[in-house]
1. If I ask for residues that are within 25 Å of Ile563 (Cα to Cα) and either outside the structural domain of Gln529 (by TED's automatic domain parsing) or surrounded by fewer than 18 Cβ atoms within 10 Å (Cβ to Cβ) (or both), which ones from the stretch 478-492 would you list?
2. Just give me the residues in the stretch 214-242 being closer than 20 Å to Asn184 by Cβ, among the β-branched types (Val, Ile, Thr) and more than 30 Å from the chain's Cα centre (by Cα), in sequence order.
3. Which one of Ser553, Ser516, Ser496 is at negative phi and in contact with a Pro (Cβ under 9 Å, 6 or more places away or on another chain)?
4. Within the stretch 405-420, does at least one residue satisfy the condition of being surrounded by 10 or more Cβ atoms within 10 Å (Cβ to Cβ) and at pLDDT 75 or above?
5. Mind checking whether some residue in the stretch 102-121 is of a type in the set (S, T, N, Q), over 29 Å from the mean Cα position of the chain (by Cα) and modelled with pLDDT of 90 or more?
6. Can Gln286 be described as modelled with pLDDT of 80 or more, crowded, with 21+ Cβ neighbours inside 10 Å, over 22 Å from Glu204 (Cβ atoms) and over 17 Å from the mean Cα position of the chain (by Cα)?
7. Are any of the residues in the stretch 484-502 under 32 Å from the mean Cα position of the chain (by Cα), hydrophobic (A, V, I, L, M, F, W, C) and not in a loop (DSSP other than H, G, I, E, B)?
8. Return the residues of the stretch 303-313 that are assigned to a helix (DSSP H, G or I) and surrounded by fewer than 19 Cβ atoms within 10 Å (Cβ to Cβ); say none if nothing qualifies.
Amino acid sequence: MWFIKQDQLNGVYNMFRSIIKYSIFTMAFCTLFLSADEVDAWLDDNGKEKVTVGKTKTEIPPEIQEELHKMFQKESQETDKNVNIHANVLIITGNGGSGSGFKAKIGDLPMIVSNAHVILGIRDPVIKDLEGRIYKPERIYASKTRDLVLIKYLYEDGNDKGLLNIVPLFNRFKNGMAVTAYGNSLGGGVITETPGTMIGAGPEQIEVTTKIVPGNSGGPIICNATKEVIGIATSMQILHRSEELTGTRYESNWLKVAIRRFAVRIDNLTPEDLEVLSFNDYKKDQKSSLAIETFYRRVRKILNSPSSIPAQKSKLKELCSRFVPILEKIDAYQWKSSYLKKEYSRKREEINSFLKSIRIEDELLAAKIREIWSTAEVKVKKIHIRGKTVSCKKCNGSGLIKDEKENRESERGFGKRLEVTFSGKKCPVCNGTRRMKISNDINGEQYILQEETKNALRKLIEPDKKPFNGFTIGGALADEYKRFDYYTRERLLQRSPTPFGALLVYEGNHQMKSVSLTLMRFSLGRLTQVLITIPDEENNYQLARQYVEENFSNENAHYSVFISRDDGKIFINCNHKALPILLKLPGPSNRGLAL
């Protein structure tokens, strides 16, 4: 077993550490022995496979229709209480681990029964009985909702005789009934039996007290009184210390750990719950399933190490940079097994929550961007943008200013008359050109990327649902540039080129009257930054801080907002999480220094 030291538990990080540890213990009993190098090589090979999208509908072959009919015919069968249970329990071994299975009559059809995670967790499984006979699988019927497979095998040498029976009427059994678990405990290669009782029942599984351990997965849970199979050993939950469980049978402490053990029911299966899988289908699913299991095991190993939390986070970052790109390829994989697809989605959500809890999602995003960038074909073009000019305010766009001269020498009539004569003089501000510059000329560089590269990077600049200052951070240029009529050519003060796009600086703001400048940065056709500048006067800074703290504290957002002040100005800066990563990418010429 693995435990976390009490002094390491702190905050959200440790809550999700517990979730990951808890999830791992509710997983397979199949013991896996693949080395890290073997798994990595296998996963790399998985990434090269072509992903097939969409399913094709096919007619059910007659032989499968016949087999389903035999499995679910309702004829009652007499139970043999003298059946040799050990002769029907099977040991499943192979490259990657070991587990259990058993032979049973499913309706009128001899079948091998086991867990989906046992068959999937073992590469090239070999199924043997006590006599050492090897069973040759022909076809797999997999449950869509349960961790359960039925394997049609080649009947030879009487291996389809004297089989176990499945309980026909489960409702006659009560809690407290004596049961025994049979299986290949700890992958030892021997069949063991462990007594216990049934203490709970549900529509898809039962809870037992039998001390089943890793390796028992797929083995039968037998009713002692009738010698019938009432379930298949599948999973266990190791309960952590909790005040809510004090005084119950689920109470755990540092001296005694409470464990719940579960078995899948098989008596109430229906034809609609089964799907037919070829072994080729299962081998493809196996690679994808093993990838996420391997990630779980490595996370568990890191979390149970005596290292400090910062050291563990560092190791997790390294692990994620290796595995997350592989998992993302699997996200697009078309699963053949509905059950495994559902399990993968559940585990994937737990992993995503865990990664967010330890705040390394930015590292993962950086790893994805750097991976795309490492193979990108990048060119650079020089950009020259002239500074913006406007009509000269000194001469009102005339190019001249008035030179006034007073003449007081003429006095006529009842008083003096002041004579003023005007002569044109070149405006000193615009030098007679009628226009004045409000921004300087700018020289910059911009990347030229292939469309495939741009599209791959754009997908990583995900738009956030919550707007900032009315803008969708991560939104498309075409939408955000014209989102508000306020931002006209007349209010545009400066346009600057950047390696991935452009910076636009506008006078004022469409929403806040106190704002002097609004900056927008577009990268790869996406809005990646909005920066608002406010005069640092009166209580503006306190109001700005309150605005940010009350509205932008969500750590799961695709952007971050922070506030700063300098030189009489307050800056509210909103950056998409992809922006700082893009800015640190090495330039195409030296591949080591950012532009």
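The values are calculated or read from the model by the stated rules, or taken from the named source; none is laboratory data. All values reported here derive from a predicted model rather than from experimental measurement. Positions of Cβ are generated from backbone atoms using ideal geometry, with glycine treated the same way; all protein chains shown enter the neighbour counts.
1. Once the filter is applied, which keeps residues that are within 25 Å of Ile563 (Cα to Cα) and either outside the structural domain of Gln529 (by TED's automatic domain parsing) or surrounded by fewer than 18 Cβ atoms within 10 Å (Cβ to Cβ) (or both), the stretch 478-492 yields Tyr481, Arg483, Phe484, Tyr486, Arg491, Leu492.
2. Those that are closer than 20 Å to Asn184 by Cβ, among the β-branched types (Val, Ile, Thr) and more than 30 Å from the chain's Cα centre (by Cα): Ile221, Ile222, Val229, Ile230, Ile232.
3. On inspection, the qualifying residue turns out to be Ser516.
4. no
5. Yes, because at least one residue in the stretch 102-121 is of a type in the set (S, T, N, Q), over 29 Å from the mean Cα position of the chain (by Cα) and modelled with pLDDT of 90 or more.
6. Answer is yes for this residue.
7. yes
8. Listed by number, the residues that qualify are Ile309, Pro310, Ala311, Lys313.
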